[in-house]
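Quick note: the coordinates plus some simple rules give every number you see, no bench work behind them. All values reported here derive from a predicted model rather than from experimental measurement. We place every Cβ from the backbone using ideal geometry, glycine too, and count neighbours over all the protein chains shown.
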Amino acid sequence: MRIMRSILFAVLVSFALLPAAAAQGSGVLWLTADGAVTPAMSVYIQRGLRAAQTRGAQLVVVQLNTPGGEVTIMEDIVRAIRASPVPVVVYVAPRGAIAGSAGTVITLAGHVAAMAPETAIGAASPVGPQGEDLQETLQAKTKEILKAMARSLAEGRPPQAIELIESTIEEARAVTAAEALQSGMIDIVAADRADLLRQLDGMQVNTAAGGFTLQTSVAAVEEFPLTLTEQLLQLLTNPNIVFLLLAVGAQAVLIELAELRHRLLNDATTDAHAAHQPPVTMDLAVLLARRVAQVHAAYQSRRQRKRKHPRSALHARIGLRSYSSA
């Protein structure tokens, strides 16, 4: 009997420890956000954060390398990260990567901000869609909003970090990973994935769901790839690709207009030859106007014929239907 009680007690203790063991052994979901801050990046990151909750991951790492992008899309990403109950580490990597412009604020939005050596962050001054300077009042308003957002994300960091963050927006200043770490702007400089997970192990973080102690020393890492739709969306929203597509589209329109002018000019020359008149040379507007006038005249002629013989036209249509149905 005593043996049975001991076995039962051991089973109960095992079941009690299962949740803790599961939490300790839960993995890390690794996202790779590379390129401009576009709708495709926002969709991808938000999908990854939802997947982390579904799969029971203890941590999400967003490996970031971006020159920046639209402020509104950046705000969507920041809101998603801050609302995530799963801790999010934004890791600017690999070596040579940057978190420029909007990427600076996205990095600060992470519950832990990390960078690889030989990376850079900053140059977050707002500009127009084509990289042009904003109008003075609009620029001042946008800068103040961005600085307020950055300060709120950097609460708890040293005063020199806040000053540096504001200078990246006000003066477009950029700094290295070592400079950012020294000022307290970021939390970790990690050489690679293994080094990052080693430094994260045991770190306390606070999310929308409360405080967590990260246990990443032996955590399994799961890559989270882009879907085919997200890859296509990323390609189509890339500013360089958009410019190329616009250029190709404009060239196609010009070719079509040139072909239309050629056809209309041939028609006008044929009519001139039939009337024993010298060949004509006209610009496209004149040729189009002439063709529109011809189409309008033909339409008016048909209307007049129908008014003169309404019954014959009706009989012709009825007869055609009867013939078809037969």
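Here are the numbers:
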| item | result |
| --- | --- |
| Near-label residues of segment 61-89 by backbone N, under 20 Å of a point 7 Å along Cα→Cβ of GLU179 | 65-68 |
| Cβ-based charge dipole, segment 2-226, positive-most Cα from ALA123, ILE165, VAL112 | VAL112 |
| Amide H partners (placed H, <5 Å) of VAL37, local residues excluded | GLY68, GLY69, GLU70 |
| For segment 2-226, the Rg and Dmax computed from alpha carbons only, in angstrom | 19.7, 84 |
| FRET efficiency, 1/(1 + (r/R0)^6) with R0 45 Å, evaluated for GLU230 and GLU155 via beta carbons | 0.90 |
| Share antiparallel - DSSP beta bridges, segment 33-172, percent rounded to 5 | 0 percent |
| Karplus 3J(HN,Hα) series, Hz, for segment 194-209 with 6.51 cos²θ - 1.76 cosθ + 1.60 (x for Gly, Pro) | 4, 5, 4, 5, 5, 6, 6, 4, x, 6, 8, 10, 10, 10, 5, 9 |
| Length added when fully stretched, ALA293-ARG305, from 0.36 nm per residue minus Cα-Cα | 2.5 nm |
| Cα-centred dipole magnitude for segment 54-165, charges only on beta-carbon of K, R (+1) and D, E (-1), debye, nearest 20 | 440 debye |
| Positive-pole candidate from GLN215, VAL175, ILE255, dipole of segment 167-259, charges at beta carbon | GLN215 |
| Extension gain from GLN139 to THR72, taking 0.36 nm per residue of separation minus the Cα-Cα distance | 22.6 nm |
| Net charge dipole size for segment 2-226 [Lys, Arg +1 and Asp, Glu -1 on Cβ; Debye, nearest 20] | 1200 debye |
